[in-house]
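For reference, the structure is listed below as structure tokens.
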């Protein structure tokens, strides 16, 4: 019994009616079987409309051959002409756009953080300066310091009063 070539996984036996009588018929049958195994190319009708052009552009070139991508293809640039790359071109463009936005945003955020740190340092310096000046003003505005300064100045006519202050009462018309 002979096995058929058309069925790769299932083995069917030929019946006695199907068996060829001589070797010439065997060769002709094998030739016919091989012709049946060939993939018939589809008839392509040229349509120049935009949707048809887009469909032809995105169709796979070789449906049967799935070639592994090698380093030579990547470095040589052949990967850019493949149909899978063309199909994913929009996604790749969006990813590149978001990467650029991410890098720009990160750079801007770092610049703002640097500026914030500089402003914090300046604010701290101004607080210290203000505290120093406030302390100096408090020391100089004490009564004892004011009297001491007045005594050191020869042309000053101001002096500390020897009598306590008194209240002047005035009568108003309401009373």
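Here is a check on your reading of the model: is residue 162 surrounded by fewer than 10 Cβ atoms within 10 Å (Cβ to Cβ) and part of a helix (DSSP H, G or I)?
Numbers: surrounded by fewer than 10 Cβ atoms within 10 Å (Cβ to Cβ): yes; part of a helix (DSSP H, G or I): no.
For residue 162, the condition - surrounded by fewer than 10 Cβ atoms within 10 Å (Cβ to Cβ) and part of a helix (DSSP H, G or I) - is not met.
Could you tell me whether residue 98 is within 30 Å of residue 56 (Cα to Cα) and either modelled with pLDDT of 85 or more or touching a strand residue (DSSP E or B) at 6+ places or on another chain (Cβ under 6 Å) (or both)? So residue 98 fits the description; yes.
The values are calculated or read from the model by the stated rules, or taken from the named source; none is laboratory data. On a predicted model such as this, the values are computed, not experimentally measured, just so you know. Cβ coordinates were reconstructed from backbone atoms using ideal geometry, including for glycine residues, and neighbour counts include every protein chain displayed.
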